[in-house]
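Remarks on the structure that follows.
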Protein chains: 2
Amino acid sequence: MTLIVALDPPQSVDDALEWSSKLVEEVGTAAAGFKIGLPLLLRAGLPGLKTLADKMPPESLKIADLKLADVGHIMSTTAEAVAAAGYDAVIAHGFVGVEGALDELADTCRSMGLKLIVLVSMSHPAASRIMDPMLDALLEEAVKADAWGVVAPATRPEIVAKARKRLGPSYTILSPGVGAQGAEPGTALCAGADYEIVGRLITRSASPRETAFLLLEKQREAVSRC
Amino acid sequence: MTLIVALDPPQSVDDALEWSSKLVEEVGTAAAGFKIGLPLLLRAGLPGLKTLADKMPPESLKIADLKLADVGHIMSTTAEAVAAAGYDAVIAHGFVGVEGALDELADTCRSMGLKLIVLVSMSHPAASRIMDPMLDALLEEAVKADAWGVVAPATRPEIVAKARKRLGPSYTILSPGVGAQGAEPGTALCAGADYEIVGRLITRSASPRETAFLLLEKQREAVSRC
C-alpha cells in the first residue's frame, strides 16, 4: 500500500465535511491513508475532523498536516487536539529545529502514540532555492527529533533519494507532488519513498476509487522498471 | 499604542471562546491589537474566531497567527477564510519563500485588504541555531513579498535591531517574548520594534486590563531611557 490521499476541499464545494467524508468512503482501503490540512480544519472544525477520522478505515494512516512550525508548547497543544480527534500522525516543519520546538512535540507524540513526520523539503519553486541548500541540516533535525518519517517532494526525486540515503531504511518517507503538481506515479517510490501523496488527481476525479486503483497500478508498473 | 495581546487559551480552561472573549472585553482599547493562533482555532472553530473578532475594538489590529508555512494556494485559502472571519492580518513564515508561496499569499492579501506579516525569527533555542544564520535571506523574502511587517523576537533584541536596519522605517516590526518568555517590556521597542506581543503575563493576570496599562507604563519608561 503506497498511496495516501490528500483531502483539500475546493472552494466551490459548499459542505467540506460532506465532500471529504464521501471521498473517504469511496476510496476506502484503496488508500493506505488520508491526509487533512488547514483548509479542511477551517471549514469543518475539529469536531468535523473527528467525524471524518471515524469514517476512515481503522488500519489507515490518518495524517493531520497542519505544517506545524511554532514553539514547542503550541505544537504540542495542537498535536494533543488532533490525537484526541482520532489522527495518528502530525506533520511539522524541520526548520523550527529541535531545542524548544520539535523536542517538546516529539515528547507529546510519544505520550499520545502519535507518529511525528518532519517536513524537510517542499514542492514549490522557492523551496528549491531556500530549503534545498539546508536539506542535510533539516534531515539532522528529523533524526534528532526521532521522527517516524519525513516529507520530501515527488517533483524533485533527487531530494527523496538524498533523504533515503541519509536516513536509511528505518524511516518512512512520504512524497506529495504526484498528479496535479506534475510528478508521475512511482517517481518518488523509485527514488526511495514509501508513500506517494495524491490530492486533486483523485479528489477531483469522477471515479476516485477507480482513479486510486489506476494510480496503484501505475506505481507498480513504474516500480517494476526502476 | 505599542501592545498586542496574544490569546492562547490554557488547557485548564473549559470554554476557550468564553475565556478569550472575556479577555478581549476586559483589555479592550488598552491593547493596540489581539493575536489568535492555532490552539484557539482548534478549540473555538472559525465561527468562534469570528465571534471573537466582532468583540475586538474596531480600530484594533486583529492578527491571525497560524504560522502559515505551505504552498501558495493553501496559504491563500486560509487567508481568505480568516479575512472573512474579521481578521485583518496574517502571519506566514519567511522561509517558505516567495515563488509559489508568499507571492500568491501576498496577492490574496492585497485583494482581501489583509496585512501580510512575515516571520523572520523565533524565540526558542533552536531558532537561533537554524534561523538566525538565515536572517538576511528571510528579510529579503519579506521585502520581495511586499510584506506589511515582520515578526522578530524580543528575547533577542539584536535580531530586531538588524531587521529594523535592513527594512527601514516603512515596515512594521512585531516582537513576541515579553513577559513569560523573559524579555522586559520595552526591550524590543528600544531595538526598533513597533509592537510588543504579550501573552500569559496579561492573559493569566488577575487584572488583565491593569496589567496591560502597567506594561504600557513600563514600555514608556524603558523607551524614555533607550
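The values are calculated or read from the model by the stated rules, or taken from the named source; none is laboratory data. Computed from a predicted model, the values in this text were never measured in an experiment. As a convention, Cβ positions derive from the backbone with ideal geometry for all residues, glycine included, and neighbour counts pool all protein chains shown.
Which one is nearest to B:ALA16 (Cα to Cα), of the residues in the range B:180-208 that are polar (S, T, N, Q) and outside any loop (DSSP other than H, G, I, E, B)? That would be B:THR203.
All but one of (1) of a type in the set (Val, Ile, Thr); (2) without any contact (Cβ under 8 Å) to a residue 40 or more places away in the chain; (3) under 18 Å from A:SER175 (Cβ atoms) hold for A:ILE130, so report the exception by its number. Going through the list (1) of a type in the set (Val, Ile, Thr); (2) without any contact (Cβ under 8 Å) to a residue 40 or more places away in the chain; (3) under 18 Å from A:SER175 (Cβ atoms), A:ILE130 breaks only (3). Checked against (1) out of contact with any Lys or Arg (no Cβ under 7 Å at 6 or more places or on another chain); (2) more than 8 Å from chain B (Cβ to nearest Cβ); (3) modelled with pLDDT of 95 or more, A:ALA81 passes all but a single condition, namely (2).
Mind checking which helices (runs of 4 or more DSSP H) fall wholly inside the range A:5-124 and carry at least 2 residues that are of a type in the set (Gly, Ala, Ser) and closer than 20 Å to A:LEU201 by Cβ?
Here the list reads A:16-27.
Is it fair to say A:ASP65 is within 12 Å of the chain's Cα centre (by Cα) and crowded, with 24+ Cβ neighbours inside 10 Å? Yes: the conditions hold for A:ASP65.
On the given criteria, is B:ARG220 in contact with a Ser or Thr (Cβ under 9 Å, 6 or more places away or on another chain), surrounded by fewer than 23 Cβ atoms within 10 Å (Cβ to Cβ) and within 22 Å of B:VAL160 (Cα to Cα)? Considered against the rule, which asks whether it is in contact with a Ser or Thr (Cβ under 9 Å, 6 or more places away or on another chain), surrounded by fewer than 23 Cβ atoms within 10 Å (Cβ to Cβ) and within 22 Å of B:VAL160 (Cα to Cα), B:ARG220 comes out as yes. Summed over the range B:127-150, residues that are in a loop (DSSP other than H, G, I, E, B) and at the interface with another protein chain (Cβ under 8 Å from one of its Cβ atoms) total 1. Restricting B:LEU3, B:LEU46, B:LEU40, B:LEU23 to those that are touching a residue at least 24 places away in the same chain (Cβ under 8 Å), within 24 Å of A:LYS50 (Cα to Cα), of a type in the set (A, V, I, L, M) and touching a strand residue (DSSP E or B) at 6+ places or on another chain (Cβ under 7 Å) reduces the list to B:LEU40. For the range A:84-99, how many residues are facing chain B (nearest Cβ under 9 Å) and acidic (Asp, Glu)? Adding up the residues that qualify gives 1. Applying the criterion of being under 26 Å from B:ALA154 (Cα atoms) and modelled with pLDDT of 95 or more to the residues of the range B:1-18, the residue that is surrounded by the fewest Cβ atoms within 10 Å (Cβ to Cβ) is B:THR2.
Checking each residue in the range B:100-126 for being surrounded by 24 or more Cβ atoms within 10 Å (Cβ to Cβ) and within 13 Å of chain A (Cβ to nearest Cβ) picks out B:ALA101, B:LEU102, B:LEU105, B:ALA106, B:VAL118, B:LEU119, B:VAL120, B:SER121, B:MET122, B:HIS124. Counting only residues that are buried (at least 18 other Cβ atoms within 10 Å of the Cβ), outside any helix (DSSP H, G or I) and either in contact with a Leu (Cβ under 7 Å, 6 or more places away or on another chain) or small (Gly, Ala, Ser) (or both), the range A:151-174 holds 3 of them.
Here is the figure for the range A:44-71: residues that are within 13 Å of another protein chain (Cβ to nearest Cβ) and at pLDDT 95 or above total 14. Being touching a residue at least 12 places away in the same chain (Cβ under 8 Å), surrounded by fewer than 22 Cβ atoms within 10 Å (Cβ to Cβ) and not small (Gly, Ala, Ser) is a description that does not apply to B:HIS93.
Against the list (1) under 18 Å from A:LEU7 (Cβ atoms); (2) touching a Ser or Thr at 6+ places or on another chain (Cβ under 8 Å), the condition A:ALA193 fails is (1).
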